[in-house]
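Let me begin by presenting the structure, written as structure tokens, before commenting on it.
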Amino acid sequence: MIALSSLAFLSMNFPERLATLRKARGLTQQALADQVDIAVLQVHRYEGGSSQPTLDVIRRLAIALGVSADMLVFDESERGPSDALRYQFETVSRMSEHEQEVVRELLDALIIKNQVSGALERVAKPVAQANTQTSTAATKNKKLAASRVKA
């Protein structure tokens, strides 16, 4: 049986992950196809990387293999909190309901602050670029006017 949390497993792509999970469960491609109600050729294509399953098939594959759809689809860096944050969330889950609510409110406030800061930066960048372009155009117009006066 594989260690599903190992870095090697999490760094695999979908076809490799599917084949590894199937083999770890002692299933043939035919047995998995039967459980998921798809053709064995389709399992072969998924594991070969020549075809991608639909969301419904991913759901059925996850159920048949006893894993989350996230584990099937996402790499370690694509989904979920880091180990340090996961540990902190587990610790918070053991707190009283009132303390958990305080933590949720604090997280919500920090998330909103971060989103607003990002939005302000995105708005400020085009405004700054427009001001620079206007300033450059004004400088060119002054130089043009000055050269006409001299002429």
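Quick note: the coordinates plus some simple rules give every number you see, no bench work behind them. None of these values were measured; they are calculated from a predicted model. For neighbour counting, all protein chains shown are included, and Cβ atoms are generated from backbone atoms with ideal geometry for every residue, glycine included.
What the table shows:
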read-out: Calculated from backbone phi, Karplus (6.51, -1.76, 1.60) coupling profile of the range 27-40 in Hz, x at Gly/Pro; value: 9, 7, 4, 5, 5, 5, 4, 5, 5, 8, 6, 10, 6, 4
read-out: Using θ = phi - 60° and Karplus 6.51 cos²θ - 1.76 cosθ + 1.60, couplings along the range 12-19 (whole Hz; Gly, Pro as x); value: 6, 7, 4, x, 5, 4, 4, 5
read-out: Neighbourhood net charge (12 Å Cβ-Cβ; Lys/Arg +1, Asp/Glu -1) for V103; value: -3
read-out: In the range 18-106, trypsin sites (Lys or Arg not before Pro) in a DSSP loop with at most 16 other beta-carbon atoms within 10 Å; value: R25, R79, R94
read-out: Ranked M12, M95, criterion: other C-beta atoms within 10 Å, fewest first; value: M95, M12
read-out: Amide H contacts under 5 Å for S68, placed H, 5+ residues apart; value: none
read-out: Segment S11-A119, extension gain: residue separation times 0.36 nm, minus the distance between their alpha carbons; value: 35.6 nm
read-out: Two-site label geometry, Y87 and Q30: point separation in nm, points 7 Å out along Cα→Cβ; value: 4.8
read-out: Compactness of the range 7-78, expressed as Rg and Dmax over alpha-carbon positions, Å; value: 11.0, 32
read-out: Farthest toward positive dipole pole in the range 7-78 [+1 Lys/Arg, -1 Asp/Glu at C-beta], among S51, L72, I38; value: I38
